[in-house]
Amino acid sequence: MRRLLGDILVPRATTVALWAWVVFNLALVAWVGLQSLKESGQVWLSPFALPATVEWGNYSAAWKAAGFSAAALNSTVLTLVGSLLIVALSAPAAYVLARSDRRAAGRFTGYFAMGLSIPVQTIVIPIIVIKLSVSTFMIDWVTGWWDNRITLLVFQVVLSLPFAVFVLTGYMRSLPHEIEEAAELDGAGPLRAFVQVVLPVAKPGVMTVLILNVIGLWNETLLALLITPTPEERTLPAALLSLYGSMQYSSDWGALFAGIVILVYPMIVLYLWLGRRIVEGMTAGIGK
């Protein structure tokens, strides 16, 4: 009976529950897409029916009402620059931690893992204080001006580093030492061996961290709301919240759903395209 329960019933029940969860999420994504093509009245009266007429104008209405042009540019620049900076800083740090035999390396890896357990919500007040102090210092003493998007970029990179270093450290440990020994025999120094030999071999893990950070930074909302208050500095998630605040009074629900599609669908497409690579990078080195 115990074997029947542990070997057959529990695995099958888990599989059914996972597939049900997948189907529910796919249906939800498709439902949001359909609502974005309906008139606002049909969204309420026939929420599960196909669009009576395809309202492509919802997308242009959402784009103009929320100021998505500037928000999309801000999100794109911050996401790309932030993700590249995270990889550029975390890859060499993870390599050193993975290859070092010193006790301090293990402690530092543990500190980075501890960083994963700190929610951003618990450090909201320090973030605001630092943001105001940096802005005042730069304006009064250094440059005479300051852009809050720079502060947002710095916080996004710093708060994403613990995850990136922790994942890449595990991946670097899974790489064989023989590749560096072969590079040394060819006369390569540590820096050249890392750049020309280790990084190409570690490309799956690095790409995984890069993609996950692209998705994370693209969807990041709380920091954007705290640090970039003006419409010109907003990112797409903050602009979408602003759109929701205006659309709930005008009852233009079709445009609101179009705004959700503009924000969410690009990341879903990216994940569907590179999902297998993400899983491979996350699981590599898990037993090291």
Query - Contacts under 6 angstrom Cβ, first residue in segment 173-190 being under 21 Å from Ala105 (Cβ atoms) and of a type in the set (D, E, K, R), partner modelled with pLDDT under 85 and not in a helix (DSSP H, G or I), 6 or more apart - result: Arg173/Gly285; Arg173/Lys288
Requested in this report: Would you check if there is a residue in segment 11-32 being aliphatic (A, V, I, L, M), part of a helix (DSSP H, G or I) and touching a residue at least 60 places away in the same chain (Cβ under 8 Å)?
Outcome: yes
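Residues are listed down the side, and each one gets a yes or a no for (1) closer than 30 Å to Ile227 by Cβ; (2) among the hydrophobic types (A, V, I, L, M, F, W, C):
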{"position": "Thr109", "(1), (2)": "yes, no"}
{"position": "Arg149", "(1), (2)": "yes, no"}
{"position": "Pro162", "(1), (2)": "yes, no"}
{"position": "Val167", "(1), (2)": "yes, yes"}
{"position": "His177", "(1), (2)": "no, no"}
Query raised in the report: open to solvent by 50 Å² or more (accessible area, probe 1.4 Å), touching a Ser or Thr at 6+ places or on another chain (Cβ under 9 Å) and of a type outside the set (Gly, Ala, Ser): does that describe Ile118?
Result: no
Report summary line: Considering residues that are of a type outside the set (Val, Ile, Thr) and without any contact (Cβ under 8 Å) to a residue 24 or more places away in the chain, the number found within segment 80-100 is 2
Query raised in the report: Taking helices (runs of 4 or more DSSP H) that do not extend beyond segment 180-288, which have at least 3 residues that are open to solvent by less than 20 Å² (accessible area, probe 1.4 Å) and at pLDDT 90 or above?
Result: 203-219, 222-227
Requested in this report: Tell me, please, whether a residue that is of a type in the set (Phe, Trp, Tyr) and touching a Leu at 6+ places or on another chain (Cβ under 9 Å) can be found in segment 119-137.
Outcome: no
**Report entry** Residue ID - surrounded by the fewest Cβ atoms within 10 Å (Cβ to Cβ), chosen from residues in segment 21-65 that are farther than 25 Å from Thr235 by Cβ and among the polar types (S, T, N, Q)
**Finding:** Thr53
Report summary line: Those residues of segment 62-76 that are touching a residue at least 40 places away in the same chain (Cβ under 8 Å) and part of a helix (DSSP H, G or I) come to a total of 9
Query raised in the report: Among (1) in a helix (DSSP H, G or I); (2) of a type in the set (Phe, Trp, Tyr); (3) out of contact with any Leu (no Cβ under 7 Å at 6 or more places or on another chain), which single condition is Phe108 missing?
Result: (3)
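The values are calculated or read from the model by the stated rules, or taken from the named source; none is laboratory data. Predicted, not measured: the structure shown is a model, and the values here were computed from it. Reconstructed Cβ throughout: ideal geometry from the backbone, glycine too, with neighbour counts over all protein chains shown. Note: accessible area is taken over every heavy atom of the protein model, side chains too, but ligands, DNA and RNA are not part of it. Shrake-Rupley method; radii C 1.70, N 1.55, O 1.52, S 1.80 Å.
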